[in-house]
Amino acid sequence: MNNTINKIMAQIRELEQQLEEALHQRKEGLKYIIQDGKIVFEREALSLHRNLKVSASHYIKEARWIVILTSPVIYSLIIPFVLLDLFVTIYQTICFPIYEIPKVKRSDYLVFDRIKLRYLNSIEKINCAYCSYANGIIAYVQEVAARTEQYWCPIKHARKKTEHHNRYPLFTDFGDAEQYRRELSNIKRKFDQDLD
């Protein structure tokens, strides 16, 4: 990679760190801490949460009929998400050791802490759990696919993509055959880098 790309990547990592610090400062005002892996709210926050909770029946009563009518369509996607989760997990379990690619830790992508919020009713908690699972699985699958692409085809695209995964900057330039042949074996071993 050339120096310009390395500098931009370093700036991006620095900005991401600044963003994380700003988000952490925001958390401090929300009156909770994470203690031994558990989220603990102050009494004042818990009281506020209880007061702001909307009952499930009121939630349904206030919902637009079209939202209620389309909810089975949304929830029907659980089937392909579970199948995708299962197949990708089996794939990486079998293939990654053969290719010497470090396995993606699935639990890093599935976080279900929002269901513990007391200001959410049972329907909102189910919605949050569903979204956490769906988005977590997509992120997990993207990382498995990114590591696979890094191993098998680490070449950038000629056309501009809307978005790319965090391993993409490691890839060789489209059309640069010499760079590809020179860097391929090195790129295949760069899984230990913290790219997030």
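The values are calculated or read from the model by the stated rules, or taken from the named source; none is laboratory data. Keep in mind it's a predicted model, so treat the numbers as computed, not measured. Quick reminder, even Gly has a Cβ in these numbers, built from the backbone with ideal geometry, and neighbours come from all protein chains shown.
The table for this structure:
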quantity	calculated
Residue, surrounded by the fewest Cβ atoms within 10 Å (Cβ to Cβ), within region 99-139, restricted to residues that are touching a Leu at 6+ places or on another chain (Cβ under 7 Å) and aromatic (Phe, Trp, Tyr)	TYR119
Residue in region 27-49 that is among the charged types (D, E, K, R) and assigned by TED's automatic domain parsing to the domain that holds LEU110 present	no
Conditions (1) more than 27 Å from VAL88 (Cα to Cα); (2) assigned by TED's automatic domain parsing to the domain that holds ILE90; (3) surrounded by 12 or more Cβ atoms within 10 Å (Cβ to Cβ); number of the one not met by TYR180	(2)
Residue match in region 29-42 (condition: in a loop (DSSP other than H, G, I, E, B) and touching a residue at least 12 places away in the same chain (Cβ under 8 Å))	yes
Subset of region 76-98 that is among the hydroxyl-bearing types (Ser, Thr, Tyr) and surrounded by 12 or more Cβ atoms within 10 Å (Cβ to Cβ) - its residue that is nearest to ALA134 (Cα to Cα)	THR89
Cross-chain or 6+ apart pairs with Cβ under 7 Å, region 101-118 first and touching a residue at least 40 places away in the same chain (Cβ under 8 Å), then loosely packed, with under 13 Cβ neighbours inside 10 Å and among the β-branched types (Val, Ile, Thr)	ASP113/ILE39; LYS116/ILE39
